[in-house]
Amino acid sequence: MKNGTVGMGPGTVRSTFSLLREEGFPAVVRKGGEKLSSLFTEEIYKVQDINTPEWMSNTDFNTYCIHDTEYIIAQDSPPNQTIDLEVDTSNASAIEVPIVGSERSESVTITSSTEIRRIVSDGTYDYPAQLWSTIPVDESTDTATIRISTDGASSRRSRNVFRQNTSAHRTRVGLPALQPDREQPPIFLLSIDTLPYSARESMQPIVEALGSDATIPTEPRTQAHWTPPSHGSMFTGTHPGDHGYVGHGKGQGDERPINPTLTTIPELLTDHGYKCSSLVSHTRILPEFGFGRGCHRYRGDVMGYNDWVSRNHDSRESLSQVIEWIDTDLQRRDHSLFYFVHVFDPHYPYLPPLDRLSDKELDLTGPSRYREQYDAARGETGEYLRVYERDHDVEQDLSAKMERYHSLSIEYTAEQVARFTDYLKSVDLFDDALIILTGDHGEEFGERGFFTHSSLYDRNIRPFMAIKPPATAEWSVPDTVNTVDFLPTIAHEIGADVPNSCAGEPLQTKDGNSVPRITERITPQRYNVAVESDGVKGIFTYDTGYPDRPSSDVIDAGPVLTEFYDVKAVRDGDFTELDGPSNAAELERIAEEFATSGAGGSYDSAVSATRPAQETEDRLQDLGYL
């Protein structure tokens with residue numbers, strides 16, 4: 001079986017015709033169902049343990065993957081067992097309880113001090129059905145016990161043959177959501193893959209949709225050079241060397257997810273009464289790697305190579321799905337909602353919807369030819385010292401064509417986000433919302449020898465960003481926003497404590513020039529750290545300590561390459577290296593202190609992230625990761 005297609009060999013065909021002659025078509029269907037069921041022996045499997053929210057005790061939850069696309073957080077108890085949820089309701093007006101897979105039982109009974117509710121399965125749900133019930137809290141007490149019990153196995157036969165003979169099928173209690181007794185702003189974190197600041201012109205549709213309510217920072221920074229560690233930094237407010245998720249499968253020891261001791265944005269928000277949903281289009285930011293912690297729903301709407309042509313999965317489809325979720329959620333609440341959306345359209349192979357290209361511009365083989373040429377230019381591993389300032393033989397016209405495709409894809413994505421923004425206005429969520437839109441990194445097309453997203457130069461770590469505070473907010477967005485600022489900004493906005501681990505600052509109180517700006521690149525070949533201060537940027541390259549920062553001994557031995565640039569000159573297109581700027585020693589001292597702050601302090605994770613089923617070698621090869 002490959003790419004979801006079940007092949008039939010000659011022997012299978014002969015057996016099928018023989019059975020058809022002897023027992024008729026119903027027997028063929030039955031036998032075929034049994035065969036398919038054997039190929040799909042477990043449609044639901046656990047991918048990660050989850051910390052229980054602060055307001056709940058006595059129940060363990062896990063993240064489960066279903067059909068390789070849907071993820072749920074649910075408790076793991078045997079079928080037909082009564083479950084008691086102990087909930088602190090001191091700051092809540094109600095509790096929303098999801099029953100997952102409710103069609104697997106004849107009925108589900110929810111009992112609290114305020115009511116008894118019996119839910120009868122009527123066979124209309126698609127697995128994994130999440131049937132939400134809102135239970136009012138007893139205002140005379142600060143605690144509540146909610147008992148959930150299932151009554152018998154459903155006699156309804158599944159309509160999907162893939163669902164037969166699977167012991168994992170049963171009714172589960174999903175992660176509840178508190179309805180807080182005060183309104184909190186809706187929060188939207190929108191990540192567009194491969195979005196450099198230089199693409200601002202292509203982002204005009206969303207700039208216009210957000211209008212004067214939003215700020216476009218002129219000096220934003222990511223804290224990592226590619227998708228996995230960049231999102232890890234967004235979600236935890238820490239640098240890659242601290243959260244530990246630098247990728248997966250690149251080298252020995254990098255199987256770990258985000259450091260489980262760190263608080264993520266959804267965990268913080270769930271603790272404070274938010275209902276959290278995420279939809280992503282990249283396999284490297286799935287719950288297997290820690291991104292699902294605290295989420296009530298999570299979908300991997302993964303964009304494969306063919307989707308750049310078919311458009312079966314793209315930003316339009318992803319945002320339409322999130323709109324459906326919001327419509328559903330608004331039936332229960334219009335505040336304390338969080339949505340994280342990641343879209344992938346601008347990434348290699350860059351192709352925009354084909355109707356946006358003229359016959360002359362259309363070149364379906366261009367991306368693969370371009371890939372072959374830049375692979376030859378950077379070598380098998382893209383080793384930094386090999387690529388640095390290297391002349392290359394990539395055709396300039398071909399590179400320019402790919403950059404044109406990239407711009408058109410960004411423009412298409414911006415139109416979809418603008419449509420989403422207009423929808424938020426139509427359902428009265430826009431004004432009250434905190435909206436953070438960002439690129440996770442940029443993209444390089446041969447500048448100074450680098451391609452795709454592999455350096456710490458501005459074209460890669462200065463993303464496009466737009467931030468809209470709630471209408472009632474009395475703070476403005478500074479020009480110097482880092483992606484590690486997102487979590488502390490969200491915490492500050494809802495009145496929560498900022499975790500001590502955070503390296504970022506709340507934008508509400510940030511001094512634009514308060515601290516040096518740092519981005520690191522952790523790869524199996526080299527460790528690089530960029531430090532910016534007083535208008536000068538230094539990039540220091542060391543031997544690697546992958547998947548951690550280098551050891552103190554390596555740092556003490558000094559960098560194998562040092563680069564300095566004038567930030568203002570770079571803005572004007574002058575990439576000339578500075579020869580010993582006045583603050584060179586200070587920048588290197590900061591880099592050394594930063595790199596050794598976690599040296600030897602990598603977390604010991606007993607949990608190794610399993611590679612998601614969607615992440616095949618072919619897919620990684622197609623997208624340029626292998």
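Name all residues of region 211-237 having a backbone nitrogen under 12 Å from the label point set 7 Å from the Cα of R571 along its Cα→Cβ direction, giving them as ranges.
218-220
Apply the Karplus curve 6.51 cos²θ - 1.76 cosθ + 1.60, θ = phi - 60°, to the phi angles in region 391-405 and return the couplings in whole Hz, x for Gly and Pro.
Each residue of region 391-405 in turn: 5, 9, 10, 6, 4, 5, 5, 5, 4, 5, 5, 5, 5, 5, 4 Hz.
Is there a pair in K250/K568; K401/K568; K275/K401; K46/K425; K425/K537 whose C-alpha atoms are over 31 Å apart, and which pairs would that be?
Result: K250/K568; K275/K401; K46/K425; K425/K537 exceed 31 Å.
Place the peptides 194-203, 207-216 in order of packing, highest mean first, counting for every residue the other Cβ atoms within 10 Å and averaging per peptide. Walk me through the numbers before you get to the answer.
On the way: 194-203: 21.1, 207-216: 15.7.
Per-residue Cβ counts within 10 Å, averaged per peptide and sorted highest first, yield 194-203, 207-216.
Rounded, prolate or oblate: which one fits region 240-304, using the alpha carbon gyration tensor with axes a ≥ b ≥ c (rounded when a/c is under 1.5, else prolate when a/b beats b/c, else oblate)?
Note, shape of region 240-304 comes out oblate.
Full-extension gain between D543 and E447, please, as 0.36 nm times their residue separation minus the C-alpha to C-alpha distance.
My answer for the length gained is 32.2 nm.
Please work out how much accessible surface K250 shows to a 1.4 Å probe, ignoring ligands, DNA and RNA, in Å² rounded to 10.
Rounded to the nearest 10, that gives 90 Å².
Tell me, what is the per residue accessible area of region 187-284 in Å², probe radius 1.4 Å?
About 22 Å² of surface per residue is accessible.
Taking amide H positions as placed 1.01 Å from N in the peptide plane, with prolines and chain starts having none, which residues 5 or more places from S336, or on another chain, fall under 5 Å of its amide H?
Q184
Under the rule of at least 5 residues apart or a separate chain, name every residue whose amide H is placed under 5 Å from the amide H of T143.
T89
Taking amide H positions as placed in the peptide plane 1.01 Å from N, state which residues far from S107 in sequence (5 or more) or on other chains have amide H under 5 Å from it.
S121, D151
Per-residue HN-Hα couplings for region 461-474, Karplus 6.51 cos²θ - 1.76 cosθ + 1.60 at θ = phi - 60°, whole Hz, x for Gly and Pro?
So the J values, rounded to whole Hz, are 10, 10, x, 6, 8, 9, 10, 10, x, x, 4, 8, 5, 10.
With the other protein chains left in place, how much accessible area per residue, in square angstrom, belongs to region 497-572 at a 1.4 angstrom probe?
Per-residue value: 41 Å².
Could you give the spread of the C-alpha atoms of region 278-376 along their three principal axes, from largest to smallest, in whole angstroms?
So the extents along the principal axes, rounded to whole Å, are 51, 30, 16.
Mind listing the phi-derived Karplus ³J(HN,Hα) values for region 574-583, rounded to whole Hz, using 6.51, -1.76 and 1.60 with θ = phi - 60°, and x for any glycine or proline?
Values, residue by residue: 9, 9, 5, 6, 7, 9, x, x, 4, 9 Hz.
May I ask you to derive the FRET efficiency for A473 and E372 from their Cβ-Cβ distance with R0 = 45 Å, giving the value to the nearest 0.05?
The calculated FRET efficiency here is 0.35.
Classify region 335-402: rounded, prolate or oblate, from the alpha-carbon gyration tensor (a ≥ b ≥ c, eigenvalue square roots; a/c under 1.5 rounded; otherwise prolate if a/b is larger than b/c)?
Values: a/c = 3.36, a/b = 1.31, b/c = 2.56.
Here region 335-402 falls in the oblate category.
Considering only protein heavy atoms and a probe of 1.4 Å, how much of the accessible area of region 528-584 is carbon and sulfur, as a whole percent?
That share works out to 46 percent.
Obtain the nm distance between the two label points defined at K360 and E586 by a simple spin-label model: each point lies 7 Å from its Cα along the Cα-to-C-beta direction.
Rounded to a tenth, the inter-label distance reads 5.3 nm.
By the gyration tensor of its Cα atoms, with a ≥ b ≥ c the square roots of the eigenvalues, what is the shape of region 399-463: rounded for a/c under 1.5, prolate for a/b over b/c, or oblate?
Judged from the Cα gyration tensor, region 399-463 comes out oblate (a/c at least 1.5, b/c at or above a/b).
If I compute solvent accessible area with a 1.4 Å probe over the protein chains, what percent of it on region 273-353 is carbon and sulfur? Walk me through the intermediate numbers first.
On the way: 710 of 1830 Å².
Of all accessible area on region 273-353, carbon and sulfur atoms account for 39 percent.
Mind checking region 380-459 for GluC sites (Glu not before Pro) that DSSP puts in a loop (not H, G, I, E or B) and that have at most 14 other Cβ atoms within 10 Å? Working shown, then result.
Values: sites: E380, E383, E389, E395, E403, E411, E415, E443, E444, E447; in loops: E380, E383, E389, E395, E443.
Answer in residue order: E380, E383, E389, E395.
Counting only heavy atoms of the protein chains, get the accessible area per residue of region 386-435 (1.4 Å probe) and round it to a whole Å² value.
Details: 2350 Å² over 50 residues.
That works out to 47 Å² for each residue.
In nm, to one decimal, how far is the modelled label at E86 from the one at Y305, with both set 7 Å along Cα→Cβ?
5.4 nm
The values are calculated or read from the model by the stated rules, or taken from the named source; none is laboratory data. What you see is a predicted model; the values in this text were computed from it and never measured. Counting neighbours? That spans all protein chains shown, and the Cβs are built from the backbone with ideal geometry, glycine included. Note: accessible area is taken over every heavy atom of the protein model, side chains too, but ligands, DNA and RNA are not part of it. Shrake-Rupley method; radii C 1.70, N 1.55, O 1.52, S 1.80 Å.
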